[in-house]
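These notes are about the structure you will find just below.
The values are calculated or read from the model by the stated rules, or taken from the named source; none is laboratory data. Owing to the predicted nature of the structure, the values given are computational and were not obtained by experimental measurement. All Cβ positions, even for glycine, are placed from backbone atoms using ideal geometry, and neighbour counts span all protein chains on display.
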Amino acid sequence: MREVMDAWTFVIASYVVGVGAAAVMIAWSLLSMKRAEKRRDEAQGKR
Amino acid sequence: MHGFANPARFLRIARWLMPLCLGAGIVIATLALGWGLFRAPPERLQGDTVRIVFLHVPAAWLGMAGWMGIAAASFTELVWRHPLAGIAARGCAVPGAVFTAVCLVTGSLWGRPAWGTWWVWDGRLTSMLVLLFLYFGWMALSQASEASAGGHTRAPAIFGLVGAVNIPIIHYSVIWWNSQHQPPSISMGKSAMDAAFLWPLFASMLGFSLIFAGVVLARMRAILADQQADARLRRKAMAEATY
């Protein structure tokens, strides 16, 4: 017996996981960079 | 190479290169994924599930490239004591681990309709899972060495070099052992893949590679800024303790 599966369900799930992970990673890396550079500037008395 | 050893020079380059890589990468990857989703035709045997290739292959490539970056930076750190090498290795770790995880999840989602199973313990899948665990181990070791010795230990660099032995195992696993996973479709100078899939795949690999480079540069800037802030605060505390 052949199992019937909708290919698009797997395609969409893959894109949600891949694009979502990339978006979270980009946002996190930018935010952590901004936070660290602000902390350095404060330690150096620039702000 | 030592011309880039100066953190101030690196920061001058990274300040314009990072947004350029991220911006171009996001645009190219978005267009490539749109091309793969809506313009590429369904494949003769796999139908629409083949569209997962436009995410799965770049993720696999960048998962391995991330560890190659760690290994190259570790070698540079051990041999030339390049001051930015350890920071570059730490910058590669998180994006490398994220792309390895994305490769494993998208591969599993592709395996279910293509092979009828989410997972098999064959050479390719198992060595890729080992790579993810190597990333976790490297990040834990790097964090521990930073906390205990201020990053002045060679253990993560040695681990980074030793772990690189897994990269050729991942690559050749589908040739050395019987595997559910298909053998490489693209090798030097030739491809078994039709141009209708090959071009969006190349575009997607380029886009995600640029995103990877942008994230590595952002991570390096963050780590460098944290180290500079810590050094400054330490100097302040010592000066206050002296008076």
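Quick look at the values:
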quantity	calculated
Criterion: at positive phi and within 14 Å of another protein chain (Cβ to nearest Cβ) - qualifying residue of B:Gly47, B:Gly63	B:Gly47
Candidates A:Arg40, A:Arg47 - the one that is facing chain B (nearest Cβ under 7 Å) and either farther than 30 Å from B:Gly207 by Cα or at pLDDT below 90 (or both)	A:Arg40
Checking B:Gly47 against (1) over 19 Å from A:Val16 (Cβ atoms); (2) in contact (Cβ under 8 Å) with a residue 12 or more places away in the chain, the condition it does not meet	(2)
B:Ala192 being free of Cβ contacts under 8 Å to residues at least 24 places away in the same chain, at the interface with another protein chain (Cβ under 10 Å from one of its Cβ atoms) and surrounded by fewer than 17 Cβ atoms within 10 Å (Cβ to Cβ)	no
Conditions (1) surrounded by fewer than 20 Cβ atoms within 10 Å (Cβ to Cβ); (2) more than 14 Å from chain A (Cβ to nearest Cβ); (3) within 17 Å of B:Val53 (Cβ to Cβ); number of the one not met by B:Ala140	(3)
Candidate set from the range B:143-168 (those that are exposed (fewer than 15 other Cβ atoms within 10 Å of the Cβ) and of a type in the set (Val, Ile, Thr)); member that is farthest from B:Glu77 (Cα to Cα)	B:Val165
Residue match in the range B:177-185 (condition: part of a loop (DSSP other than H, G, I, E, B) and within 20 Å of the chain's Cα centre (by Cα))	yes
Count of the range B:78-102 residues which are more than 15 Å from the chain's Cα centre (by Cα) and closer than 17 Å to B:Ala144 by Cβ	1
Positions within the range B:203-243 being away from chain A (no Cβ under 11 Å) and modelled with pLDDT of 95 or more, in sequence order	B:Ala203, B:Met205, B:Leu206, B:Ser209, B:Leu210, B:Ala213
Selection from the range B:102-116 of residues that are in contact (Cβ under 8 Å) with a residue 12 or more places away in the chain and either more than 8 Å from chain A (Cβ to nearest Cβ) or surrounded by fewer than 19 Cβ atoms within 10 Å (Cβ to Cβ) (or both)	B:Cys103, B:Leu104, B:Gly107, B:Gly111, B:Ala114, B:Trp115
